[in-house]
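Okay, so here's the structure we're looking at.
The values are calculated or read from the model by the stated rules, or taken from the named source; none is laboratory data. Just so you know, these numbers come straight off a predicted model, no measurement behind them. Here Cβ is always computed from backbone atoms with ideal geometry, including for glycine, and neighbour counts include all displayed protein chains. Areas reflect the complete protein model, heavy atoms only, side chains present, ligands, DNA and RNA absent. Shrake-Rupley method; radii C 1.70, N 1.55, O 1.52, S 1.80 Å.
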Amino acid sequence: MPRPFDPDDVLSLPLMANLATVAEDGSPRNAPMWFIWEDNAIWLLGSVEASSIRRLSKEPRCAVEIVRYDNSDGVLLHLGLRGSASVEPMDPERFRRLLKKYLGAESNWNPWFIDNVARIDDPDGRLIKLSPKSVFTNNVSFFRTGPNLAWPTPPPQENP
């Protein structure tokens, strides 16, 4: 019944990625984050003082889960990425592309947010890079329609 989908159909959207990491005591941690998919890797934001960065520096194994959910259209796509992440120096141009994905054109960005929160050129900024060892997709977009999936819509049939 489930129909596979192209992970890019989820990775290209401005959705939240949930990063799952492991604390030193072995307990799980989860953080919702903005992301960008480039160079066969998911890139997430961080800084030297961020707890996710500290945890990944000690234990790089992690998982990222992204869900596209639209109740009214009956769409439920789940994408899971698993592997070991690395902590990379900030790349201001990649960060700008990530922000554009969520905020639109740079001319529309809130200056206060960019100066006080995003801090594109902050030397303490970091990027989390996960080149997944495994990718899991689950299309359960039949919760409203039954076996006829709400998404993706089958292509129209041509009449001979």
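Could you tell me whether PRO7 is within 24 Å of ASN138 (Cα to Cα), open to solvent by less than 50 Å² (accessible area, probe 1.4 Å) and in contact (Cβ under 8 Å) with a residue 40 or more places away in the chain?
Yes.
Could you tell me which residue of the range 18-30 is surrounded by the most Cβ atoms within 10 Å (Cβ to Cβ), considering only residues that are touching a helix residue (DSSP H, G or I) at 6+ places or on another chain (Cβ under 9 Å) and closer than 19 Å to PHE136 by Cα? Break it down into steps so the answer makes sense when it comes.
Initially, the range 18-30 is screened for residues touching a helix residue (DSSP H, G or I) at 6+ places or on another chain (Cβ under 9 Å), giving 19, 21-24, 29.
Then drop every residue that is not closer than 19 Å to PHE136 by Cα, which leaves 19, 21.
Details: LEU19: 25, THR21: 22.
In this case the residue turns out to be LEU19.
Tell me which of these THR145 doesn't satisfy, since it passes every other one: (1) closer than 21 Å to LEU13 by Cβ; (2) more than 19 Å from the chain's Cα centre (by Cα); (3) in contact (Cβ under 8 Å) with a residue 24 or more places away in the chain.
With (1) closer than 21 Å to LEU13 by Cβ; (2) more than 19 Å from the chain's Cα centre (by Cα); (3) in contact (Cβ under 8 Å) with a residue 24 or more places away in the chain applied to THR145, the lone miss is (1).
Name the residues in the range 36-63 that are farther than 16 Å from ASP91 by Cβ and not acidic (Asp, Glu), would you?
Let us first name the residues in the range 36-63 that are farther than 16 Å from ASP91 by Cβ, namely 49-52, 54-63.
Selection gives ALA50, SER51, SER52, ARG54, ARG55, LEU56, SER57, LYS58, PRO60, ARG61, CYS62, ALA63.
Consider only pairs whose beta carbons are under 7 Å apart and that are at least six residues apart or on different chains; among these, list those whose first residue lies in the range 100-111 and is in contact (Cβ under 8 Å) with a residue 40 or more places away in the chain and closer than 16 Å to ILE36 by Cβ and whose second residue is among the β-branched types (Val, Ile, Thr) and open to solvent by less than 50 Å² (accessible area, probe 1.4 Å).
The qualifying pairs are LYS101/ILE36.
Does the range 31-50 hold any residues that are without any contact (Cβ under 8 Å) to a residue 40 or more places away in the chain, open to solvent by 60 Å² or more (accessible area, probe 1.4 Å) and touching a helix residue (DSSP H, G or I) at 6+ places or on another chain (Cβ under 7 Å), and which are they?
If the condition is that a residue be without any contact (Cβ under 8 Å) to a residue 40 or more places away in the chain, open to solvent by 60 Å² or more (accessible area, probe 1.4 Å) and touching a helix residue (DSSP H, G or I) at 6+ places or on another chain (Cβ under 7 Å), then TRP37 is the only one that fits.
Output the strands (runs of 3 or more DSSP E) that fall wholly within the range 51-160 and possess 2 or more residues being open to solvent by less than 50 Å² (accessible area, probe 1.4 Å) and among the hydrophobic types (A, V, I, L, M, F, W, C), or say none.
61-70, 75-89, 125-130
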